[in-house]
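Participant: Have a look at the structure that comes next, please.
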């Protein structure tokens with residue numbers, strides 16, 4: 001072999017190696033090849049929407065490892081220019097029920113949290129940042145304090161009038177601890193972190209609230225009439241019975257209450273968590289989805305004693321048409337519930353309303369439909385203002401007045 | 001000297017391309033399901049639905065990989081339900097890294113998961129893992145939740 005042909009062969013082999021390593025270096029878990037060509041909201045799989053105390057409406061979405069937000073001062077008629085959250089790009093969980101969250105304070109300070117997937121499958125960290133002006137964001141903070149390469153996801157966030165940030169999420173650290181003790185651990189735990197932005201930073205504590213929850217269903221976090229945090233989630237009871245529970249953080253008891261008894265036994269992922277809304281009389285209104293031996297479909301029920309006793313459950317929607325993903329809002333004796341159905345061809349957004357605080361509901365109405373893939377619907381509300389946020393993926397973000 | 005470098009580099013190329021056969025799933029459709037049913041006429045077979053976002057599914061995939069290596073002809077078909085073309089690479093990487101490249105694999109094409117789910121079984125609400133057992137008469141029975149390797153083996157091989 002002469003010098004030139006040897007060099008040519010070397011070059012060929014090197015190029016093969018780089019090609020091979022390129023092909024093997026495809027995006028890891030959470031990585032996305034870019035298909036949608038812009039960063040517009042229509043390209044997002046999920047959209048999170050919230051009202052600010054001043055009545056402005058804010059939307060948050062994730063595209064191409066970045067977060068974007070925009071704002072409307074006329075309840076969604078028109079939105080200002082979308083802004084990129086000015087932090088280093090990183091992977092952001094934004095599919096199904098695991099999605100970024102936004103909250104706005106009375107000074108229009110922006111609070112963001114999300115789950116950031118790591119290389120190892122099903123591992124992620126909970127992330128947080130804040131901006132007073134929408135331009136400059138705090139250095140991104142990892143909220144979970146265990147330093148473990150394991151699951152931290154399905155974050156929910158609430159900000160109070162004094163700027164206290166409360167974050168809850170599903171956390172797999174207890175499974176790691178159990179394994180190191182040679183024990184087994186079924187499911188996840190729910191952790192709470194609280195902190196206040198002070199100066200240019202925020203410090204979060206971490207507190208375990210509950211053990212053995214479902215690992216892949218959203219949580220719901222809200223405040224009750226006494227300004228106490230209340231949360232609802234899908235729990236694992238006994239031998240993989242995936243029913244629902246709620247907990248009020250009132251300092252008196254850390255006992256959670258089971259609020260559904262549909263007996264869905266599944267060692268798997270329902271991918272559907274409950275929705276909780278609490279009115280000024282402290283009635284807890286709940287909606288959930290189950291496919292259990294004692295209940296299949298979407299249900300509604302309420303409790304007047306923090307979940308100790310539940311009303312009889314009411315069934316909503318058509319289970320044979322895939323009725324799923326209900327969301328609820330209760331205010332001044334009115335209860336609104338929205339959910340999705342699918343008739344084989346069309347994705348449908350349905351709505352039911354009660355004007356007597358959940359005792360009876362009017363006939364369900366279809367609000368909107370789509371022939372293409374949609375996100376879950378959410379009721380975005382402030383007092384008597386109620387909108388449904390419904391993302392038609394790769395098409396449009398719809399805001400529908402209730 | 002140069003020849004030995006070439007030998008090493010060649011070995012690297014060969015090793016890196018050999019490591020694991022790469023998975024390459026096909027799009028699932030009603031027609032595919034019909035073909036699969038025809039292919040398995042008068043036989044028991046299993047259709048297993050999984051997702052990248054379902055931790056228990058990976059336990060099931062590991063069990064399938066083990067069964068497949070012990071029984072190369074075991075009639076198991078995998079279907080990924082993520083319904084998102086942007087996850088194609090990740091999906092195939094997962095199958096490859098689990099040693100499942102040789103198992104017939106399909107995926108729900110973008111935008112079609114609801115329609116396909118509805119066509120396969122309108123009472124399946126997307127929970128995972130989801131298994132469809134087909135018996136010799138072509139009758140389908142759905143089951144939601146993790147299956148153990150032993151359960152699959154008993155149903156497919158030891159009946």
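The values are calculated or read from the model by the stated rules, or taken from the named source; none is laboratory data. Small disclaimer: the values here were computed from a predicted structure and weren't measured. Methodologically, a virtual Cβ is constructed for each residue, glycine included, from the backbone with ideal geometry; neighbour enumeration extends over all protein chains shown.
Results for (1) away from chain B (no Cβ under 14 Å); (2) more than 26 Å from residue A:229 (Cα to Cα); (3) in contact with a strand residue (DSSP E or B) (Cβ under 7 Å, 6 or more places away or on another chain), shown as yes or no for each residue.
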| position | (1), (2), (3) |
| --- | --- |
| A:255 | yes, no, no |
| A:258 | yes, no, yes |
| A:268 | no, yes, yes |
| A:274 | yes, no, yes |
| A:280 | yes, no, no |
| A:286 | yes, no, yes |
| A:294 | yes, yes, no |
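Participant: Which residue is surrounded by the most Cβ atoms within 10 Å (Cβ to Cβ), if the candidates are limited to segment A:78-97 and must be more than 17 Å from the chain's Cα centre (by Cα) and outside any loop (DSSP other than H, G, I, E, B)? Write out each step before concluding.
Facilitator: Here is the first cut: in segment A:78-97, the ones more than 17 Å from the chain's Cα centre (by Cα) are A:78-90.
This time we only want the ones that are outside any loop (DSSP other than H, G, I, E, B), so: A:83-84.
Numbers: A:83: 15, A:84: 13.
Residue satisfying both the conditions and the ranking: A:83.
Participant: Additional query: Going by the structure shown, is residue B:102 at pLDDT below 95, away from every other protein chain (no Cβ under 14 Å) and either part of a helix (DSSP H, G or I) or out of contact with any helix residue (DSSP H, G or I) (no Cβ under 6 Å at 6 or more places or on another chain) (or both)?
Facilitator: yes
Participant: Tell me, please, whether a residue that is in a strand (DSSP E or B), on the phi < 0 side of the Ramachandran plot and at pLDDT 90 or above can be found in segment B:143-158.
Facilitator: Looking through segment B:143-158, at least one residue is in a strand (DSSP E or B), on the phi < 0 side of the Ramachandran plot and at pLDDT 90 or above.
Participant: Test each condition in (1) within 12 Å of another protein chain (Cβ to nearest Cβ); (2) out of contact with any helix residue (DSSP H, G or I) (no Cβ under 8 Å at 6 or more places or on another chain); (3) at pLDDT 75 or above for residue B:11 and report the one that comes out false.
Facilitator: Tallying (1) within 12 Å of another protein chain (Cβ to nearest Cβ); (2) out of contact with any helix residue (DSSP H, G or I) (no Cβ under 8 Å at 6 or more places or on another chain); (3) at pLDDT 75 or above, residue B:11 fails exactly one: (3).
Participant: Say whether the condition of being part of a loop (DSSP other than H, G, I, E, B), over 13 Å from the mean Cα position of the chain (by Cα) and more than 14 Å from chain A (Cβ to nearest Cβ) is met by at least one residue in segment B:49-60.
Facilitator: Scanning segment B:49-60 turns up no residue that is part of a loop (DSSP other than H, G, I, E, B), over 13 Å from the mean Cα position of the chain (by Cα) and more than 14 Å from chain A (Cβ to nearest Cβ).
Participant: Moving to a separate point now. Determine, yes or no, whether residue B:72 is at pLDDT below 95 and under 28 Å from residue B:136 (Cα atoms).
Facilitator: yes
Participant: Any residue that is under 15 Å from residue A:401 (Cα atoms), touching a residue at least 24 places away in the same chain (Cβ under 8 Å) and away from every other protein chain (no Cβ under 11 Å) - is there at least one of those in segment A:339-349? Quick ask: steps written out before the conclusion?
Facilitator: First pass over segment A:339-349, keeping only residues under 15 Å from residue A:401 (Cα atoms): A:339, A:349.
Now drop any that are not touching a residue at least 24 places away in the same chain (Cβ under 8 Å), which leaves A:339, A:349.
Imposing the further condition that a residue be away from every other protein chain (no Cβ under 11 Å) reduces the set to A:339, A:349.
Within segment A:339-349 (the criterion being under 15 Å from residue A:401 (Cα atoms), touching a residue at least 24 places away in the same chain (Cβ under 8 Å) and away from every other protein chain (no Cβ under 11 Å)), the answer is yes, since at least one residue qualifies.
Participant: Now, a different point. Of the residues B:121, B:83, which is within 12 Å of another protein chain (Cβ to nearest Cβ) and in contact with a helix residue (DSSP H, G or I) (Cβ under 7 Å, 6 or more places away or on another chain)?
Facilitator: The conditions single out B:83.
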